[in-house]
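First comes the structure, then the notes that go with it.
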Amino acid sequence: MDLNTAERIYSIFVSSSLSPMVDKFIKTGIRYARLRVDWRLLSPNERRELDDERAIVHNAFISACDILARNMRVIGEDTSWRSLLGSDRKTIGDSGCIIHMILGKKLAKWYIETLDFLKI
């Protein structure tokens, strides 16, 4: 998935009126992204110890994704983001990392603008 597609997916689902579900989806994705990074930095033995938790959070993220899309569809909101995301487990997991990156990028932009405004 390229960055433009990821940002388009993000902009669609964050515009939903289902804020609690959007928040759950984002927070679960970020939690999965953190575990995935932690896992990458561990030794093979430590990775095995984290595997079960990582799989549980990955499953929770996929469920949050499906729940959000299903409820958005019920109330007539745009669910094209779910088709763009696809059904591949790894790609959906990757999207958690991408959500984390998009939020980090937005926060960095905000800091730069605020510091410039404050002349710091």
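Every read-out reported here was derived from the displayed coordinates using simple, explicitly stated rules and does not represent laboratory data. These figures come from a predicted structure and were not determined experimentally. Glycine also receives a Cβ, built like all others from the backbone with ideal geometry; neighbour counts cover every protein chain displayed.
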(message) Report the gain in length on full extension from residue 111 to residue 66: 0.36 nm times residue separation, minus Cα-Cα distance, nm rounded to one decimal.
(response) 12.9 nm
(message) From the C-alpha coordinates alone, can you work out the Kirkwood hydrodynamic radius of segment 3-118, in Å?
(response) 15.2
(message) Give me the one-decimal nm value for the distance between modelled label points at residue 38 and residue 73, 7 Å along each residue's Cα-to-Cβ direction.
(response) 3.3
(request) Just add up the charged neighbours of residue 87: K/R +1, D/E -1, any other residue whose Cβ is under 15 Å from the Cβ of residue 87. (result) +1
(request) Once you've got the GNM for the chain with C-alpha springs shorter than 10 Å, pick whichever of 35, 18, 107 has the biggest mean-square fluctuation. (result) 107
(message) Give me the percent relative contact order of segment 3-118, please, defined on Cα pairs under 8 angstrom at least 6 residues apart.
(response) 40
(request) Using a 10 angstrom cutoff on alpha carbons, build the Gaussian network for the chain and name the most mobile of 91, 79, 28. (result) 91
